[in-house]
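Here's the structure, in structure tokens; my notes come after.
We did not get these values from a lab; they are worked out from the coordinates using the rules stated. Small disclaimer: the values here were computed from a predicted structure and weren't measured. Don't worry about glycine lacking a Cβ; one is built from the backbone with ideal geometry, like all the others, and counts go over all protein chains shown.
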Amino acid sequence: MARPDAPRLLLLLPSTTYRATAFVEAARQLDVALTVASELPSAFEREQPSGLLTLDFADPDRAAEQAGVFAREHPLAGVLGVDDDTAVVAAAVATRLGLRGNPVPAALAARDKQRQREQLAGASVPVPRFVLTPADADPESLSRQVEYPCVLKPLRLSASRGVIRADNPAGFVAAFRRLGAILAQPDVAACGEPARRLLVEQFIPGPEVALEGLLVGGRLRLLALFDKPDPLDGPFFEETIYVTPSRLAPAAQHAIAATAQAAATALGLVEGPVHAELRHNERGPWLIEMAARPIGGRCSAALRFESRDGGRGTGDVSLEELIVRHALAMDLPAFQREDRASGVMMIPVPGAGVLREVRGVEAARSVPLVEAVLITAHQGQRLVPLPEGARYPGFIFARGDGAREVEAALREAHRRLEFVME
Amino acid sequence: MGSPDIGITAEPIDNDRCKFIVSQPLHAGGVRRFGSAGEAAGSPLAAAIFAIPAAGVAEVIVSGNLVTVVKRGPTPWTAIGKLVGAAIRSSLATSAPAVAPREPAAATDDDSLYERVAQLFETQVNPMVARHGGAVELIDVQDGIVMLRMGGGCQGCGMADVTLRQGIETMLRQHAPDVKGLVDVTDHSAGSNPYFASAKK
């Protein structure tokens with residue numbers, strides 16, 4: 001239990017997050033007082049009112065008001081969201097209580113793909129050309145107006161859900177109808193107006209990277225640049241392997257970091273974690289998306305930082321510990337990402353159906369350099385592939401001396417897995 | 001070095017603690033906790049883990065097919081994990097029991113604490129987690145460390161650690177301040193009906 005004078009962090013955890021353990025343990029590691037807020041009540045909330053809270057994540061203003069009431073009795077020193085929606089709530093809470101955080105309009109722009117593209121294009125940050133269209137528009141008519149290849153995207157969904165490439169009018173019409181059906185699904189339709197429109201944007205060729213960074217006073221500190229060695233050319237854009245350090249040329253990496261900094265500035269993001277997806281080709285970097293949150297899923301376990309002060313000597317510092325420290329305006333230790341290459345595979349959904357068994361897990365774990373194979377789907381769980389699906393069946397982690405070897409280890413471990421479905 | 005058929009999954013909890021899930025049982029006699037290399041004498045598995053050089057192992061807890069290792073050294077789990085795996089495999093390669101049974105002892109402070117914690121679990125903790133279809137089982141109390149296992153909706157739940165730390169641990173410290181720590185020995189990967197299932201982001 002934290003000491004009585006420990007600063008209190010309000011951690012906003014949606015009930016569907018993968019991130020609970022990593023952030024809760026980081027807070028414990030730092031001996032901070034922790035209040036976890038979620039959109040659904042915890043079983044212990046009535047008995048532990050200082051440690052657990054329910055906030056209306058769907059209404060950031062109301063959530064900020066609720067947090068303000070809570071803070072009268074339990075003063076807050078920091079607030080932190082872990083996904084796109086809670087990043088907006090965190091911004092609203094920070095603004096209301098004068099805590100470190102982003103302005104609400106900046107967090108909203110980062111969450112909304114349309115608003116984000118408009119602001120980035122207005123600031124001359126290279127982004128794909130795009131048009132916004134109602135989801136109930138006539139796709140036949142639109143298919144004669146767009147340029148090909150193009151990519152159809154929902155405004156709010158994450159992790160490539162609903163993202164479909166079209167190469168010709170027939171493909172466009174099919175993709176439009178398929179995305180329309182996804183937007184009509186109850187969990188998506190619940191987000192209101194953003195589910196009634198979609199983006200059609202230029203397809204940008206070239207390798208894609210993911211950038212993990214921390215904004216401090218508006219300046220981007222690059223934490224890691226991940227290559228995505230599987231080509232993301234469509235028709236769907238399932239994320240699989242992330243490997244860092246990047247094998248792109250140093251000049252390309254610098255240009256990517258500069259573009260990410262320009263994007264953060266254009267959006268008005270100033271504090272906290274950012275996760276950005278960029279492409280790079282002969283014309284330079286292209287900002288595909290920037291989010292005001294850290295990397296999702298269990299992928300942050302691929303990142304380790306070496307601390308060289310803070311009284312702890314050389315040792316591991318997690319991404320979450322850095323983020324919690326920053327949110328609470330605590331000193332950031334001098335740190336750098338470990339020297340070794342590291343990678344994670346988000347195991348692709350093997351097909352539609354009910355998962356009965358996963359075979360070959362031990363064989364996958366025995367692959368040299370592989371550190372962990374986590375099957376997060378449970379027996380009996382219905383697996384839904386992209387573009388409709390929203391859950392990975394698991395993660396594979398590897399570390400080694402080189403990025404190439406790490407990538408090969410992840411592929412070999414995945415090859416040894418067999419998903420039995422029915 | 002041992003049988004290649006033994007599968008071991010490392011699940012780091014934080015910098016200090018890591019859970020190792022082994023594909024075969026290690027110890028059928030409840031939970032055994034070892035707080036030092038001296039206490040591990042006679043239990044080859046725990047002794048081998050304490051002997052890992054430069055790891056700074058402070059505690060080893062064995063229950064069923066789970067081994068929880070607590071360390072104090074700065075060496076990351078990425079470096080230590082495979083050594084722990086090798087220690088587990090080597091201890092299973094011999095015919096001797098990997099973990100010696102606990103010797104019967106006279107009544108201790110742990111017995112009194114066990115009774116109080118069991119009462120708290122029965123009257124308060126379990127009625128609360130039952131709201132989410134969950135259950136919490138008190139496995140043992142050793143040297144003031146409470147070991148529990150989650151079931152039902154809590155097993156594999158994305159918010160299990162929130163329940164553990166913000167709910168159960170806080171309540172334990174309020175009602176039983178002599179509790180020194182709380183260890184979850186649940187195999188969450190085997191949970192088949194979690195109350196909150198995690199999604200992509």
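Odds and ends about this structure:
- Listed residue (A:PRO250, B:GLY38, A:PHE419) projecting farthest to the positive dipole end of the protein assembly as shown, Cβ model: A:PRO250
- The mean sequence separation of alpha-carbon pairs under 8 Å and at least six residues apart, normalised by the residue count of chain A, gives a relative contact order of 14 percent.
- Beta bridge orientation in region B:109-190: antiparallel %, DSSP, nearest 5: 65 percent
- Going from the fewest other Cβ atoms within 10 Å to the most, the residues B:CYS157, A:CYS191, B:CYS18 appear in the order A:CYS191, B:CYS18, B:CYS157.
- Cα centre as origin, Lys/Arg/Asp/Glu Cβ charges: region A:129-202 dipole, Debye: 160 debye
- Rounded to whole numbers, the Karplus 3J(HN,Hα) couplings from phi for region A:93-102 are 5, 4, 5, 5, 9, x, 9, 5, x, 8 Hz, using 6.51 cos²θ - 1.76 cosθ + 1.60 with θ = phi - 60°, and x at Gly and Pro.
- Trypsin sites (Lys or Arg not before Pro) lying in DSSP loop within region A:125-167, provided at most 15 other Cβ fall within 10 Å: A:ARG129, A:ARG144
- Calculated [222 nm] ellipticity per residue, helices only, for chain B: -6500 deg cm²/dmol; basis is -39500 (n - 2.57) per DSSP H run with n ≥ 4, divided by all residues, nearest 500.
- About the Cα centre, charge dipole magnitude for region B:109-190 (Lys/Arg +1, Asp/Glu -1 at Cβ), debye: 420 debye
- About the Cα centre, charge dipole magnitude for the protein assembly as shown (Lys/Arg +1, Asp/Glu -1 at Cβ), debye: 900 debye
- Over chain A: helical MRE at 222 nm, DSSP H runs n ≥ 4 each giving -39500 (n - 2.57), nearest 500: -9000 deg cm²/dmol
- Listed residue pairs exceeding 27 Å between alpha carbons, taken from B:LYS19/B:LYS180; B:LYS82/B:LYS180; A:LYS153/A:LYS228: B:LYS82/B:LYS180
- Relative exposure of A:TYR18, A:TYR392, B:TYR114, judged by other C-beta atoms within 10 Å (fewest first): B:TYR114, A:TYR18, A:TYR392
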